[in-house]
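The values are calculated or read from the model by the stated rules, or taken from the named source; none is laboratory data. Computed from a predicted model, the values in this text were never measured in an experiment. Cβ atoms come from the backbone with ideal geometry, glycine included; neighbour counts cover every protein chain shown.
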Amino acid sequence: MSHILLRHREIPDINNLNVYTKNGGFAAFKNAVTKMKPNEVTDVVKNSGLRGRGGAGFPTGMKWSFIDNKNWPHYVVANADESEPGTFKDREIMEGNPFQFLEGLALASYAVGANVAYVYLRGEFWELGAVLDQKIVEMEEAGYLGDKLFGTDYSLRIYNHLGAGAYICGEETALLESLEGKRGQPRVRPPFPPAVGLYGKPTIINNVETFANVPMILANGAEWYKSIGTSDSAGVKIFSLSGRVRKPGNYELPFGTTFRDLIYKHGGGVQDSRTVKAIMPAGASSSLIPVDDKVLDTPMDYATVRTLGADLGSASIIVIDDTVSMKWLINKTVHFFKHESCGKCTPCREGTYWMSHLTEDLQHNGSTGDVDLLLNVAKQMQGKCLCALGEFATMAVVTGIERFRKDFDNEVRA
């Protein structure tokens, strides 16, 4: 199957504006602005079954339809703060196929009546930010951005904004705070961004991969997109494969592809021909899934992966083999979340602190009592944090201990 998102792998120099337009680029945007009403664009995206690719998997067209049309102006923000350990798909899109992403952002802006859109980039992407600045200038010079586009009354400007390297700014309300020049900390919700977002105005926030799907959907139709993937999860997904595999990397595949196909067919199998012990399907923030043949043959879509006691999230598939120590793994994840906690809410601030102390003890001279205490602390955090970061910090801990308890008992004192 030809690539829909990673088209640069098949079309050389598609990051060049002339090459992109020769391959259908901006035709969907021009057609939408000149021949379609904004709500019609939203309806096509809604009917396509496209779900957000940032992790939550919320229906994209439905989110756009929530925009408050009684409060103006409207904004659209691209979440390009790709900070999840194990996730590296958005960077490849922006580097290899940037105009498709930017066209998707422009289409979303037209659909919700926004005249200004922002790309919020991870702080470490400063070189990429300079490249995107140049791509935006090229779009303006070619008439794809600016005032009275294609002879209509619609105007649009896109601006890039670099964050400061904080994981928490991947959370959409913390991202908005940072974009406004404030400390990147989550807001209390409700209200949600489609009602009260950037500068207190209605705002739509989607992930880079989500936007990159939109031009192809508008060009080929909702039914075409729904014909790919599964009934629950339409279209393709970029699976970022890492861990103990021979060929880590990004693999664009239809939803419904099995873990086995991803790991063995595309990823070349496990290093040293070891046995897969566990999978983290959504990067460091995901639950640990114990692996057997049934799990390996499970289709990767949002609904089916949940039957395994985990979420697919951003599909950052980390493969763990039988050489990996579970207490080492949870120590690594907990220290990451402790470092990245913004400190705004007590359960996350204090909980990640105590979990990091306990996981460090387990690494050196821990006991089964410490394992029990660690599990208790993690469970006390769940459901009590202001945003998802605190919940994410507990995922590997709780599922690691509950599903791999023998590993801990074998590695610590009684």
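What the table below lists for this structure:
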quantity	calculated
Near pairs, Cβ below 8 angstrom, 6+ apart or cross-chain, from region 215-227 (farther than 13 Å from V41 by Cβ) to any residue that is at pLDDT 95 or above and of a type in the set (V, I, T)	M216/I4; W224/I217; Y225/I217
Condition met for I263 (closer than 13 Å to I320 by Cα, at pLDDT 95 or above, touching a strand residue (DSSP E or B) at 6+ places or on another chain (Cβ under 9 Å) and not in a strand (DSSP E or B))	yes
Of residues in region 227-259 being out of contact with any Phe, Trp or Tyr (no Cβ under 9 Å at 6 or more places or on another chain) and of a type in the set (S, T, Y), the one farthest from D322 (Cα to Cα)	S227
Matching residues in region 16-29 - criterion: being surrounded by fewer than 17 Cβ atoms within 10 Å (Cβ to Cβ) and in contact with a helix residue (DSSP H, G or I) (Cβ under 7 Å, 6 or more places away or on another chain)	G24, A27
Matching residues in region 6-39 - criterion: being among the charged types (D, E, K, R), free of Cβ contacts under 8 Å to residues at least 40 places away in the same chain and farther than 24 Å from K237 by Cα	K22, K35, K37
Subset of region 293-326 (residues that are free of Cβ contacts under 8 Å to residues at least 40 places away in the same chain and not charged (D, E, K, R))	V295, L296, V305, T307, L308
Selection within region 12-58 - under 21 Å from W224 (Cα atoms), part of a loop (DSSP other than H, G, I, E, B) and hydrophobic (A, V, I, L, M, F, W, C)	F26, M36, L50, F58
T42 exposed (fewer than 14 other Cβ atoms within 10 Å of the Cβ), touching a residue at least 24 places away in the same chain (Cβ under 8 Å) and assigned by TED's automatic domain parsing to the domain that holds L132	no
Contacts under 6 angstrom Cβ, first residue in region 348-366 being within 14 Å of L329 (Cα to Cα), partner surrounded by fewer than 18 Cβ atoms within 10 Å (Cβ to Cβ), 6 or more apart	S356/H335
Count - residues of region 238-270 that are in contact (Cβ under 8 Å) with a residue 40 or more places away in the chain and in contact with an Asp or Glu (Cβ under 7 Å, 6 or more places away or on another chain)	7
Options L132, L105: the member that is among the aliphatic types (A, V, I, L, M) and without any contact (Cβ under 8 Å) to a residue 40 or more places away in the chain	L132
Helices (runs of 4 or more DSSP H) fully within region 275-374 counting 3 or more residues that are aromatic (F, W, Y) and either more than 30 Å from N207 (Cβ to Cβ) or assigned by TED's automatic domain parsing to the domain that holds T399 (or both)	326-340
Boolean, D13 is more than 20 Å from L218 (Cα to Cα), loosely packed, with under 14 Cβ neighbours inside 10 Å and assigned by TED's automatic domain parsing to the domain that holds P98	yes
Any hit, region 315-326, residues being charged (D, E, K, R), in contact with a Lys or Arg (Cβ under 7 Å, 6 or more places away or on another chain) and under 18 Å from S240 (Cα atoms)	yes
Residue within region 301-309 that is crowded, with 23+ Cβ neighbours inside 10 Å, within 19 Å of the chain's Cα centre (by Cα) and under 24 Å from T333 (Cβ atoms) present	yes
Pairs where the first residue, in region 174-186, is under 9 Å from L198 (Cα atoms) and free of Cβ contacts under 8 Å to residues at least 40 places away in the same chain and the second is aromatic (F, W, Y) and surrounded by fewer than 13 Cβ atoms within 10 Å (Cβ to Cβ), C-beta under 9 Å, 6+ apart	E180/Y199
Answer from K338, K277 - the residue that is farther than 24 Å from Y167 by Cβ, among the basic types (K, R) and modelled with pLDDT of 95 or more	K277
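Conditions (1) under 18 Å from G52 (Cα atoms); (2) β-branched (V, I, T); (3) outside the structural domain of G170 (by TED's automatic domain parsing); (4) surrounded by fewer than 24 Cβ atoms within 10 Å (Cβ to Cβ), marked per residue:
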position	(1), (2), (3), (4)
G104	yes, no, no, no
N115	no, no, no, yes
V119	yes, yes, no, no
W126	no, no, no, yes
G129	no, no, no, yes
M139	no, no, no, yes
T152	no, yes, no, yes
